[in-house]
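Okay, so here's the structure we're looking at.
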Amino acid sequence: MIRFKKVIVVVLLMILSTISLVEVDASSATTYTTARNRKGFFVITQDAYLPETTVLDLGLDSPEDIFIDELDHIFIADTSNQRVVVYDPSTNTIIEEISYPEFISPKGVFITQDNELYVADSTAEAVFRFDADHNFVAKYTKPDSASFDAKTFNPRRIAVDNQGTMYVIAEGVFDGIIQLSSSGEFQGFFSTNTVNLTTRQQLENLLFTDTQLAQVVDRNPVSFSNVYVDQKGIKYSTSIGLGISNLKKHNTDGSSSIDTDFGFDWGMVDVYTDQYGIMYVAGAAGYINIFTSDGQFIFAFGTDESEQDVSGFYSQLTSIAVDSVGRIWTLDQDNAFLQSYTPTDYSQTIYQALALYKAGKYDEAVVLWEEVLKLNQLSVLAHNEMGRNLFSEGRYAESMEHFILSGNRQLYSQAYWEVRNVNLQRSLPVFIAGFFAFLIGYFVIKGTNRKYHYLDPVKKRIKKVTEIRIINDVLYMFNLLKHPLDSFYYIKKKEKGSYKGATIIFALFFISYMTYVTSKGFIYQSVEAADLDLNGIIIGFFAIAFLFVFANYLVTSINDGEGSLGEIFKGLSYSLLPIMVAMLITTYLSYKLTYTEVIILQLTMYVGYAWSGLLIFLAVQELHNYTIRETIKSFLLTFLFMMIVGLLFAFIQIMGDQLIQFVIGLVKEAFRNVFS
């Protein structure tokens, strides 16, 4: 018994020792890192940054802006304390306090390549300039240029390029970023945001006079929230608002070279770049968003939870900067603290791979992107960049697979063009030989059959099959292509066609329509079939078709139309062959054509719509025995009736939902009063 107990103890010790050897990875991140999948939704990914240092003891009061110089010293606009604080993270000390008698509320700071300091003070209505030793050099106040018609000059953010040109964000100025020369002369507005008009404002533009429009005060564009100039002199800006690119990387003319309008407001308040050109953007809600140098979204981290005292949680995130080793530094205005983040291996690998692509080292970049994909197989950025590197190496077929996974149809189209070009060059001789062989075979068979008639049994069998009533009724739709009026006349007289044939044709059209909607090639299938509202599409298809038949019957029945409800349905169905063929051809060609050849697909669909539309017009004219003028009138009344019915159903649906909610609320209230 004692020996048995010893055995049990030994076994337990072995199990415990095994468990202790298992490594468990634990993340010290306080917020999730998110990236966007190929459908545009945010998904949780590996931690890109981990909170490092929270600096609370600098004596700051409502600080608004930070900037990091080449020595990794952090310059802080300590607004309410009327100073600029220089903090050294390596020693965790304030190494300098820059004050000036005219400082009132310094809100923006910027360090040039010559280590000159610029301070924007909105209350003092000036921009102050200091040399590398932080001695006062100049003060720039409101420009006296006649073209600068702003009543006040309240600069709150400042950036300076390599030529000393200043770019100023001023409170109350909606015309754009103020551009000042090195001597303070006004050079115009560098860039401006567009004005997004509401439906009401668009109506006002149509109805108001110029005098009335001049009195409207809500037509100002969205103002910029920040401006930044990197070491290469490239200008960046951020904005808060819907319908615009919240982050811009400006060309020399002020336009943006990137598009970051994702359909919602990012709430961006500051932007900074690193040595790779990676853009780090602070959002007022507490999120840090990171983009590639060409505007691709990489990932974001942070939270909008502002009530908890947790590292990485902000009350008001107002500024961001990046030091030479890649650490992110952020500033919370309300709680007056600095927070740093250190990059993980995951984010550093991504940045290195992006840098290798820019340097033209595509094979090395592929290796790093493979490492990223091992960590996150669904990374849209990794697949997209892997595809770009493979494309640059000439490995087009492999790049196409990654562009599919990243949803990049534009680059997929370019890669497919290269693959198709190679395949065409290889198969062209075979195609030409096959074409001539076909022609020779065709004429040989035609000539010998004329003499020996060996194809007659096949022709008789085909003719016998086509004479089957239901097949003949379906094939009758081809007669409409040659003699539409005569064909509709025979349909009206019930000599040709049938309800069964019309139903089969309509079913075939439905199949071709659903194939067209759900099964085009990757380039042209912008919404995947799994994400389509198939129930809504199917209901809408049948609703529009039968509503047209019913509406046309009602309209024509009170205008001496001769066609019955069934005849109108037959006329519609037998007219659908052109658009049916156009949809099938377009679906097939969508797998063979690139973006630059979209005109072929568009032309095919236009011809199909026009041809079928003409046949439907002739069907209504012949079935109701109308003139052209009467037919046009009947179409207009039919479409008007369809619009009225559609609006009526929409109204019923809206009111029905409200009625259901009212009844549910009423029942809940009754139960509450009875059983409470």
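The values are calculated or read from the model by the stated rules, or taken from the named source; none is laboratory data. Quick caveat, the model's predicted, so the values are computed rather than measured. Heads up, the Cβs are rebuilt from the backbone with ideal geometry, glycines too, and the neighbour counts pull from every protein chain shown. We work out accessible area using only protein heavy atoms, side chains counted, and drop any ligands, DNA or RNA first. Shrake-Rupley method; radii C 1.70, N 1.55, O 1.52, S 1.80 Å.
Laid out as a table, the results:
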| read-out | value |
| --- | --- |
| Residue in the stretch 342-356 that is free of Cβ contacts under 8 Å to residues at least 40 places away in the same chain and crowded, with 24+ Cβ neighbours inside 10 Å present | yes |
| Hits in the stretch 49-77 - residues which are among the charged types (D, E, K, R), farther than 12 Å from P106 by Cβ and under 38 Å from the mean Cα position of the chain (by Cα) | E52, D69, E70, D72 |
| Helices (runs of 4 or more DSSP H) contained in the stretch 568-676 and holding at least 3 residues under 26 Å from L475 (Cα atoms) | 577-589, 598-623 |
| Which listed residue, of S487, S512, is at pLDDT below 90, within 30 Å of M605 (Cα to Cα), open to solvent by less than 40 Å² (accessible area, probe 1.4 Å) and polar (S, T, N, Q) | S487 |
| Scope the stretch 67-88; condition of a type outside the set (D, E, K, R), open to solvent by less than 30 Å² (accessible area, probe 1.4 Å) and either closer than 15 Å to D57 by Cα or in contact with a helix residue (DSSP H, G or I) (Cβ under 9 Å, 6 or more places away or on another chain) (or both); matching residues | I74, I76, V85, V86, Y87 |
| Yes/no for L317 being at negative phi and buried (at least 22 other Cβ atoms within 10 Å of the Cβ) | yes |
| Any hit, the stretch 573-580, residues being at pLDDT 95 or above, crowded, with 18+ Cβ neighbours inside 10 Å and under 30 Å from Q414 (Cβ atoms) | no |
| Tally, over the stretch 464-484, of residues that are open to solvent by less than 70 Å² (accessible area, probe 1.4 Å) and of a type in the set (D, E) | 1 |
| Cβ-Cβ under 7 Å pairs, at least 6 apart or on other chains, the stretch 600-617 side within 17 Å of S512 (Cβ to Cβ), far side surrounded by 17 or more Cβ atoms within 10 Å (Cβ to Cβ) and among the small types (G, A, S) | L601/S590; T604/A582; M605/A582; V607/A582; G608/A582; S612/S575; L615/S575; I616/S575 |
| Members of the stretch 122-141 that are more than 15 Å from F67 (Cβ to Cβ), charged (D, E, K, R) and surrounded by 14 or more Cβ atoms within 10 Å (Cβ to Cβ) | E125, K139 |
| Enumeration of residues in the stretch 548-561 that are open to solvent by less than 40 Å² (accessible area, probe 1.4 Å) and in a helix (DSSP H, G or I) | F548, V549, A551, N552, V555, T556 |
| Hey, I628 over 19 Å from A551 (Cβ atoms), at pLDDT 90 or above and not polar (S, T, N, Q) or not | yes |
| Candidates Y595, Y609, Y588, Y626 - the one that is open to solvent by less than 40 Å² (accessible area, probe 1.4 Å) and either touching a Phe, Trp or Tyr at 6+ places or on another chain (Cβ under 6 Å) or aromatic (F, W, Y) (or both) | Y626 |
